[in-house]
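What follows is calculated from the coordinates using simple rules that are stated; it is not laboratory data. Not measured: the values here are computed from a predicted model. Neighbour counts are summed over all protein chains in view; Cβ atoms, including those assigned to glycine, are modelled from backbone coordinates with ideal geometry.
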Amino acid sequence: MIKLAIDLGSTMTKIYRADTNNGVVLAEPSCVAVSGEEKTVKAIGKDAKNLIGKTAEFTNILYPIYEGEIVDMRLAVVMLKEFLSRIGVKTGALKWAHILISVPCGISDRALSAYRTLAEECGLRKVWFVEQPYLAALGAGAVFSGDPVFCLDIGGGVSNAAVVSTEGLIAGLSMNIGGNNMDANIISKVSNNDKLLIGTLTAERIKNEIGTLAPVPRGAYVAEGRSTENFQPASVSVRAEDLTECIRVYVKKVVEYATTVLQNLPAEVSAVVKRNGVYLSGGVMKIPYVAQFIGAQLGMRFRVYEEPQFATVLGGGVLLRDKEMLQHFSKKTGN
């Protein structure tokens with residue numbers, strides 16, 4: 001029996017195979033390259049992302065999942081079908097497969113209905129939808145033994161903060177803040193400070209290479225782009241210390257929202273959360289000192305999975321192996 005956990009992120013899609021020992025079998029950008037008014041598909045996933053900044057006039061790179069919601073159903077279906085094909089799952093086997101799909105915290109009925117439609121259009125019949133905080137907590141190592149668990153996940157397009165327990169969601173919210181905001185801020189910063197126009201891929205590389213919230217940022221990155229003064233190709237050395245605020249401003253905003261979640265907790269739950277700390281996950285946690293910064297801002301200890309960007313999909317794998325737990329946390333099971 002094929003068992004797949006799918007994390008359809010706004011920027012990355014990850015798939016975990018729970019019926020084998022293969023673990024995470026796919027991690028690709030959630031984007032599609034299309035051309036013309038009819039949006040003819042030219043490339044999907046990493047192939048599409050590699051075309052950013054290199055495409056012809058009538059070719060666009062689109063993200064079917066935006067801020068946790070499906071904004072282009074046709075392309076979302078095409079993309080997910082292709083990803084399933086890339087991991088070797090044949091179309092005929094999908095109707096028998098057990099599929100878990102992660103959805104944002106506090107997802108609306110309308111948005112959840114869209115995810116159900118996506119599953120049906122891809123030929124998925126036995127599907128469970130689980131809110132992301134449960135999965136991230138499980139993937140980050142949390143054990144649901146009665147005490148509530150506080151988890152904070154910062155992804156590319158969406159961040160989730162929630163306190164969950166075996167009884168359900170105690171308090172939580174989903175925010176349209178993440179690594180993409182940091183990339184856009186870096187583009188603006190380099191343009192204003194260094195008079196260089198860079199693309200989104202370069203901004204992402206800069207963030208991943210030298211981005212940090214360390215007390216004393218060190219490092220530099222030679223960025224290539226186009227001069228905003230003479231419009232000629234140019235390059236500049238970008239320093240880590242110049243980028244700190246580009247990252248910190250959004251991490252602080254996420255912490256502010258997370259604090260509102262904590263403020264709405266019953267006193268007894270608040271005491272337990274304070275004692276146990278916060279489970280951190282999401283790709284942004286790979287940036288040095290982000291976790292330490294969040295812990296200091298919240299005034300509590302923190303725990304980070306060694307590969308935080310995979311916490312959600314790994315948590316899906318955990319649930320797929322525990323039928324009782326899966327039924328308990330699922331928004332709704334398939335037929």
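Here is how the numbers come out for the structure above:
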quantity: Ascending count of other beta-carbon atoms within 10 Å, so fewest first, for Asp7, Asp183, Asp194, Asp47; calculated: Asp47, Asp194, Asp183, Asp7
quantity: Packing-based ranking, highest mean first, of 236-245, 121-130, 157-166, 261-270 given that Cβ atoms within 10 Å are counted; calculated: 157-166, 121-130, 236-245, 261-270
quantity: Zero-based 10 Å bins, Cα pair distances in region 157-196, whole percents; calculated: 26, 28, 22, 14, 8, 1
quantity: Centroid-to-centroid separation of region 41-75 and region 81-144 [C-alpha atoms, Å]; calculated: 21 Å
quantity: For Tyr66, residues with placed amide H under 5 Å, excluding near neighbours; calculated: Val71
quantity: Rounded to whole Hz, the Karplus (6.51, -1.76, 1.60) HN-Hα couplings of region 306-322, x for glycine and proline; calculated: 4, 10, x, 5, 9, 4, 4, 5, 5, x, x, x, 4, 5, 5, 8, 10
quantity: Two-site FRET efficiency, Gln327 against Ala111, from Cβ-Cβ distance with R₀ of 25 Å, rounded to 0.05; calculated: 0.70
quantity: Burial ranking of peptide ranges 113-119, 33-39 (average Cβ count within 10 Å, highest at the top); calculated: 113-119, 33-39
quantity: Summed residue charge, Cβ within 12 Å of Leu118's Cβ, Lys/Arg positive, Asp/Glu negative; calculated: -1
quantity: Lys274 versus Glu121: modelled label distance in nm, points set 7 Å from Cα along the beta carbon direction; calculated: 4.8 nm
quantity: Theoretical gain in end-to-end length, Ala296 to Ala267 [0.36 nm per residue, Cα-Cα removed]; calculated: 8.3 nm
quantity: Among 220-226, 86-92, the order from most to least packed when residues are scored by Cβ within 10 Å on average; calculated: 220-226, 86-92
quantity: Total charge dipole magnitude, the chain, about the Cα centre, Cβ charges on Lys, Arg, Asp, Glu only, Debye to nearest 20; calculated: 540 debye
quantity: Vicinal HN-Hα couplings computed from phi for region 229-237 (Karplus, 6.51 cos²θ - 1.76 cosθ + 1.60; Hz; Gly/Pro x); calculated: 9, 10, 6, 9, x, 8, 9, 9, 9
quantity: Exposure proxy ranking, count of Cβ atoms within 10 Å, fewest first, for Phe144, Phe231, Phe293; calculated: Phe231, Phe144, Phe293
quantity: Inter-label distance, nm, simple model (7 Å from Cα along the C-beta direction), Thr91/Leu169; calculated: 3.5 nm
quantity: Sorted by Cβ neighbour density within 10 Å, fewest at the top, the residues Ser188, Ser227; calculated: Ser188, Ser227
quantity: Two-decimal log10 I(q)/I(0) for region 179-246, as the Debye equation yields it once each C-alpha is a single scatterer, q = 0.15, 0.16, 0.18 Å⁻¹; calculated: -0.40, -0.45, -0.57
quantity: Relative contact order [Cα under 8 Å, 6+ residues apart], the chain, whole percent; calculated: 20 percent
quantity: Hull volume in cubic angstrom per residue (convex hull over the Cα atoms of region 13-159); calculated: 134 Å³
quantity: Unit Cα scatterers, Debye sum, the chain: log10 I(q)/I(0) for q = 0.06, 0.10 Å⁻¹; calculated: -0.22, -0.61
